[in-house]
Amino acid sequence: MNTKRQSVFTLISILCLLTGGIGRAHEVVAVLSSDSQYYLEAFHGFQDAWGHPVTSFNMRTETPAITEKTQLVVAFGGKASSQRYPAKTLVVSCMTLVAGLKRNEGGNRYFYISMAPHPGLIFSKIKMLQPSLKRLAVFWTSNSLEDYIGQMRKAAFHSNVELALIKLDDPDALPEQLRNIHGEIDAIFLPPDPILVNVANFATIRDFSAARHIPFYAPTEGLAEKGATVSIASDFYEMGRSAALTARELLKDARRIETVIYPDKVRIAVNLTAAGNSTLQVTPELLQKADKVFP
């Protein structure tokens, strides 16, 4: 083969490889509900773990162009997750509450990166922060949290913690239920329940915990900033990384993947004012373990 023909052959080979790479890139598409900093942080985690750019759409400014060739969509946020996608497209939903999740719809299979950490990981962190914990009160309302509460029961048993589980049919009944708690409790835990968690109920639990001098464990960092003692929450960047790892495994064999996937890492935020008013021991070691400290 002469030099000219060899150069042409090499160029054609490179173009074929590039074309194949582009085709493979479009097999996986990312859809962001908006340009929220939290979605972008998760998306960056996804891109870093995925290893190369994927086609992405921001629903605030554009309509996602998803074709039949798209094998998998990674959806960031509720708006992106609720879109209709071509039949048989796999959907990895990131930063959507598992409460109210869709299992299979329109020929799609949905897989959820949980915004709530695995209960086992939550209890390991709580026991690290509060080794003396014996009885924990947990409030929730959403029926879709039943599976999660069941996992909490198992995790509490293995952590030698008794749970006072209080399900509220009416979120407005929270103040009365707090007054009627039987026996001593060492702390209160609030899961990410969109029906129960509102401004009034958060303030009620925060003030009740402060009056009892017990820690209040909240599901988001923002609530720790507003007065909860501690938040134990999934990290947005890590959620994106988990989405990438899940997507890679799904393209190999979707049958082996659980519907709900929990990120491996969590962020701990401590509110010093609330902690100082509780039985939580604020030590230099505790502060070193915190990812965020609020005054």
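The values are calculated or read from the model by the stated rules, or taken from the named source; none is laboratory data. Because the structure is a prediction, the values reported are computed rather than measured. Every residue, glycine among them, receives a Cβ derived from its backbone with ideal geometry; neighbour counts consider all protein chains shown.
Brief remarks follow.
- Which numbered condition residue 109 misses (of (1) surrounded by 14 or more Cβ atoms within 10 Å (Cβ to Cβ); (2) within 22 Å of residue 214 (Cβ to Cβ)): (2)
- Wholly within region 202-295, strands (runs of 3 or more DSSP E) carrying at least 2 residues that are modelled with pLDDT of 90 or more and not aromatic (Phe, Trp, Tyr): 230-234, 266-271, 292-294
- Cβ pairs under 8 Å, 6+ apart, first in region 233-251 and over 15 Å from residue 109 (Cβ atoms), second surrounded by fewer than 23 Cβ atoms within 10 Å (Cβ to Cβ) and among the basic types (Lys, Arg): 233/267; 234/265; 234/267; 235/265; 235/267; 238/265
- Residue in region 189-201 that is among the polar types (S, T, N, Q), surrounded by fewer than 18 Cβ atoms within 10 Å (Cβ to Cβ), under 19 Å from residue 116 (Cα atoms) and within 23 Å of the chain's Cα centre (by Cα) present: yes
- Per-region count, region 250-259, residues out of contact with any helix residue (DSSP H, G or I) (no Cβ under 8 Å at 6 or more places or on another chain) and surrounded by 13 or more Cβ atoms within 10 Å (Cβ to Cβ): 3
- Count of residues meeting criterion [surrounded by 15 or more Cβ atoms within 10 Å (Cβ to Cβ) and in contact with a Ser or Thr (Cβ under 9 Å, 6 or more places away or on another chain)] in region 270-295: 9
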